[in-house]
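Notes to accompany the following structure.
The values are calculated or read from the model by the stated rules, or taken from the named source; none is laboratory data. Computed from a predicted model, the values in this text were never measured in an experiment. Glycine also receives a Cβ, built like all others from the backbone with ideal geometry; neighbour counts cover every protein chain displayed.
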Amino acid sequence: MGRRIGYAVLAIVLSACSSSPSSNDDGPDKVPSTQEENDLNRAITGTVTRYDYAVDLATGAVRDRLTVRADPPGGDCFSASCEVPATDAEWQGAPAASSSQSDGALLVCGRSRVLPWQTLRVSSRSVVPEEKFLGLDVGFSRKKDLAGGTFTYLLSWVGGCSHFGPCDADPSRLASFHFDVEHAPGDMVLCPGKIVQGEQRTRCELSPWSTGSLAPTYSAVAVASDPLWKRTPWMKAAGVDFVFYEVPNLPGGNIAPVLDKGSVTGFFEWITDLLGPFPYGDELRVAAAPTVWSGFEHPANIILSEKLPTRTGPFTNTVMHVLMHEIVHQWAGDRATLAAVGDFVWKESTAEYLAYVFEDEHRDAAEGPATRAYWDRISLNAKFHPRPLENPTPPVQTFYGDVYGPGPMVLYLQLEALVGRAAVVRGIQFFLARPAARSVEDLRRALERAAHVDLGKYFDAWVFGSGKPEWPVFTVATSQSGSDVTVTVTQTAAKVHPCVVEVEVASASGKVLVPVTFGLDASSNTATAHATLQGEVTGTVVDPNHRVIDAKPASFTNEGTEEVLIF
Ligand SMILES: [Zn+2]
């Protein structure tokens, strides 16, 4: 049942469920009864349009209410993913006829039938234990910040909303969210969307009429608090107020002081020109906290690691890079979401690539090249293809760290040499134009539409596949007739990879950079180009500017050793 329920998992069951035992005490691991199996086998899907969470941060008590639009033919039972024991189930505001839990799902049956397209409201209570999952911050946790304050975090992530009550854990779903958070007097609390901060109760609303856009559960089911945070308005850009939540005088330094307001303003105006108005209202909050990841993109709340100011790499300006990346996620990940877990790569790649384009065009000349070099290096770590095709898709925690280098390289940067940056950026605009669930296939089509080319062979070679990707090895040969140098590149891999490979050719009199193109057809594993260079060729360097992933010949390989920053 768990596999069947795993993601889509909203079921309104046809049969009357009044005969189901009321079994709130059975816990999440009970084996389903035949009656429950029958109910779930006949389940139909509905859509959760809204979540209402009442959270007590002191105790972990959560009341979770789902508003569901019922698909035909309606019914009087409902099932959703739920990993915590749930009690006090209600159906349309009245006590449920029955409820039971088994194998990660809550089944609730009501005393009234819900007709097609009617609205069902189903709720339950749970006490969420302080527990973290996957060795990450996923779950409900308290952790000391660098100043000794207690940071409290309720974090869902991809497929993880069921840690806090019943929900549709499918990452492709977009919904409205309302939070009512009870907390200690005066504590600063962040929850998604528009915030009304109170002395002991803080409310948040994320809906089309409050903030403008919906959001997925992976980022929107989130509450964060630190009693030492001070709320500091920082600046306004493109009609949006930037507000920082930081512990003043944090050991190691604060984030806001190391950012340049002019540069952040320039980036925000640039990205809103590119992708449209900020999707979540008129306030963007940036908080510093003791998190495992370097950053996370909750809608209207960006949480950055408090240790970022002390990092020296891997980017030239890591704080600015991570902030830009998380801002891009507000459109790429939050407003538009993943069609499936396996599509994770486009979310990170788009955030990385657009941060890079801004670096390359608007910031210090060293920043763009450093970002490219880092992506190129960590691409050699990847154990999975950018869009893994294993069936079933591997758990997200096994492959998500592999996307940060190869993703922006293969989805965007390498295409610049084949179709031009303008077409790549236009493709991203097409891809993100609608708030919807998007796949890597959708991205391929958007890029093809923007560039007027067929990218089928390119994506088959670089993007889709099972197991560890086999990146090509490029070897170079030169021949000379006076100042005319012929550069021949041969690539070695099972597939021929469409790409352009830059080769730096040197002689005693100078250097020349020679682009050698295999084209999008890549009909041969050998390609040549000509260059003019005085003097005898003394050496060549493949891809000196890190514009294509190239594996190293086995004799001097040093693959897979660099730490990958996750954010
Ligand atoms: Zn990211």
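A506 - would you say it is of a type outside the set (S, T, N, Q), more than 16 Å from S523 (Cβ to Cβ), surrounded by fewer than 16 Cβ atoms within 10 Å (Cβ to Cβ) and outside the structural domain of G342 (by TED's automatic domain parsing)? Before you say what the answer is, go through the steps one by one.
On the way: of a type outside the set (S, T, N, Q): yes; more than 16 Å from S523 (Cβ to Cβ): yes; surrounded by fewer than 16 Cβ atoms within 10 Å (Cβ to Cβ): yes; outside the structural domain of G342 (by TED's automatic domain parsing): yes.
Yes; evaluated as a whole, the condition is true for this residue.
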TODO: Could you please give the count of residues in region 522-535 that are more than 14 Å from T488 (Cα to Cα), free of Cβ contacts under 8 Å to residues at least 60 places away in the same chain and not hydroxyl-bearing (S, T, Y)?
DONE: 3
Task: So T291, is it in contact (Cβ under 8 Å) with a residue 24 or more places away in the chain, within 16 Å of the ligand (Cβ to nearest atom) and of a type in the set (S, T, Y) - done: yes
Task: Residue tally, condition over 18 Å from V48 (Cα atoms), in contact with a Cys (Cβ under 6 Å, 6 or more places away or on another chain) and hydrophobic (A, V, I, L, M, F, W, C), over region 68-101 - done: 1
- [ ] Would you be able to say whether some residue in region 233-241 is within 16 Å of the ligand (Cβ to nearest atom), surrounded by 19 or more Cβ atoms within 10 Å (Cβ to Cβ) and not assigned by TED's automatic domain parsing to the domain that holds F140?
- [x] no
TODO: Consider only pairs whose beta carbons are under 6 Å apart and that are at least six residues apart or on different chains; among these, list those whose first residue lies in region 328-355 and is without any contact (Cβ under 8 Å) to a residue 24 or more places away in the chain and whose second residue is within 12 Å of the ligand (Cβ to nearest atom) and outside any strand (DSSP E or B).
DONE: K347/G333
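For A287, state whether it is buried (at least 21 other Cβ atoms within 10 Å of the Cβ), assigned to a helix (DSSP H, G or I), of a type in the set (A, V, I, L, M) and modelled with pLDDT of 95 or more. Spell out how you get there, then give the answer.
On the way: buried (at least 21 other Cβ atoms within 10 Å of the Cβ): yes; assigned to a helix (DSSP H, G or I): no; of a type in the set (A, V, I, L, M): yes; modelled with pLDDT of 95 or more: yes.
When the stated conditions are applied, A287 does not pass them.
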Open item on the list: Where the second residue is of a type in the set (S, T, N, Q) and within 16 Å of the ligand (Cβ to nearest atom) and the first is closer than 14 Å to G465 by Cβ and lies in region 387-406, which pairs have Cβ atoms under 8 Å and are six or more apart or on separate chains?
Closed with: V403/S349
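Which one of these is surrounded by 21 or more Cβ atoms within 10 Å (Cβ to Cβ) and either touching an Asp or Glu at 6+ places or on another chain (Cβ under 6 Å) or at negative phi (or both): A461, A451?
On the way: A451 fails: surrounded by 21 or more Cβ atoms within 10 Å (Cβ to Cβ).
Just one listed residue meets the conditions, A461.
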Task: Single unsatisfied condition, Y245 versus (1) touching an Asp or Glu at 6+ places or on another chain (Cβ under 9 Å); (2) under 16 Å from V48 (Cα atoms); (3) not charged (D, E, K, R) - done: (2)
Open item on the list: For region 68-84, give me each residue that is within 19 Å of S156 (Cα to Cα) and outside any strand (DSSP E or B).
Closed with: C82, E83, V84
Open item on the list: I'm told G519 meets every condition in (1) among the small types (G, A, S); (2) free of Cβ contacts under 8 Å to residues at least 60 places away in the same chain; (3) surrounded by fewer than 18 Cβ atoms within 10 Å (Cβ to Cβ) except one. Can you identify the failing condition by its number?
Closed with: (2)
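Looking at T540, T532, T526, which is the one that is surrounded by 17 or more Cβ atoms within 10 Å (Cβ to Cβ) and away from the ligand (no atom under 16 Å from the Cβ)? Break it down stepwise before answering.
On the way: T532 fails: surrounded by 17 or more Cβ atoms within 10 Å (Cβ to Cβ); T526 fails: surrounded by 17 or more Cβ atoms within 10 Å (Cβ to Cβ).
Unique residue meeting the criteria: T540.
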Task: Scope region 435-482; condition closer than 30 Å to H530 by Cα and of a type in the set (S, T, N, Q); matching residues - done: T475, T478, S479, Q480, S481
- [ ] Just give me the residues in region 177-209 being closer than 17 Å to V243 by Cβ and among the hydroxyl-bearing types (S, T, Y), in sequence order.
- [x] T202
Open item on the list: I need the full set of residues from region 254-284 which are without any contact (Cβ under 8 Å) to a residue 60 or more places away in the chain and crowded, with 17+ Cβ neighbours inside 10 Å, in order please.
Closed with: N254, A256, V264, F268, T272, F278, L284
TODO: Considering each residue of region 287-319, count those that are polar (S, T, N, Q), closer than 17 Å to W229 by Cα and out of contact with any Lys or Arg (no Cβ under 6 Å at 6 or more places or on another chain), and give that number.
DONE: 2
- [ ] Kindly check whether there is at least one residue in region 473-484 that is surrounded by 18 or more Cβ atoms within 10 Å (Cβ to Cβ) and in a loop (DSSP other than H, G, I, E, B).
- [x] no
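Yes/no matrix, rows are residues, columns are (1) in a loop (DSSP other than H, G, I, E, B); (2) touching a strand residue (DSSP E or B) at 6+ places or on another chain (Cβ under 9 Å):
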residue	(1), (2)
L136	yes, yes
S141	no, yes
G148	yes, no
F151	no, yes
L154	no, yes
W157	yes, yes
S162	no, yes
A169	yes, yes
R173	yes, yes
